[in-house]
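Data first, discussion second: the structure below is written as structure tokens.
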């Protein structure tokens, strides 16, 4: 009988095992949500958001990973660890890589998914670069806003919708 692969066992345990400090366990996380320390980095930005199901209900136990190819930074954070069930990342806004607009690669892990979902986070204040990004321009115009983080007074807001009318665009990688 074949064994299950990691993508077949996403299950609800991943957030507790991969982000243990957030859930009160007594051992260190391998990777945290601070790609940079906002106290030490003057150009630090904060990215917050929620993960929503098809009914528009916040998912309190998803896990988000982000990869910044420009700055070669990686972070991981579970939702459900604050009163608003948000994910929060502290990073430096990435620059362009290989003719692409500044963006973060995002992976969503959550219960009920047989495999994790891949998406991208672009920045609303990079309109000129976004207009020529070779990946973003493949997405139908009316769906592109699902990949663009809005600028707020506190940083950037990027909500992820797993299903429904506002469903975030996901990529097959």
Residue 150 in contact (Cβ under 8 Å) with a residue 24 or more places away in the chain and in a loop (DSSP other than H, G, I, E, B): no
Residues satisfying the stated conditions in the range 124-141, i.e. outside any loop (DSSP other than H, G, I, E, B) and buried (at least 17 other Cβ atoms within 10 Å of the Cβ): 129, 130, 136
So, in the range 101-151, how many residues would count as being over 21 Å from residue 89 (Cα atoms) and either within 14 Å of the chain's Cα centre (by Cα) or modelled with pLDDT under 95 (or both)? 5
Answer yes or no as to whether residue 79 is exposed (fewer than 14 other Cβ atoms within 10 Å of the Cβ) and under 30 Å from residue 40 (Cβ atoms). no
Does residue 144 count as farther than 14 Å from residue 52 by Cβ, buried (at least 16 other Cβ atoms within 10 Å of the Cβ), touching a residue at least 40 places away in the same chain (Cβ under 8 Å) and touching a helix residue (DSSP H, G or I) at 6+ places or on another chain (Cβ under 8 Å)? no
Considering only residues that are touching a helix residue (DSSP H, G or I) at 6+ places or on another chain (Cβ under 8 Å) and part of a loop (DSSP other than H, G, I, E, B), look in the range 108-123 and name the one that is surrounded by the fewest Cβ atoms within 10 Å (Cβ to Cβ). 114
Out of contact with any helix residue (DSSP H, G or I) (no Cβ under 8 Å at 6 or more places or on another chain), assigned to a loop (DSSP other than H, G, I, E, B) and at pLDDT below 85 - does that describe any residue in the range 47-56? no
In the range 152-162, residue modelled with the lowest pLDDT [restricted to those that are over 15 Å from the mean Cα position of the chain (by Cα) and within 18 Å of residue 87 (Cβ to Cβ)]: 154
Does any residue of the range 21-44 turn out to be touching a strand residue (DSSP E or B) at 6+ places or on another chain (Cβ under 9 Å), crowded, with 20+ Cβ neighbours inside 10 Å, at pLDDT 70 or above and over 18 Å from residue 157 (Cβ atoms)? no
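The values are calculated or read from the model by the stated rules, or taken from the named source; none is laboratory data. Because the structure is a prediction, the values reported are computed rather than measured. Ideal geometry is used to build each Cβ from the backbone, glycine not excepted, and the neighbour counts take in all protein chains shown.
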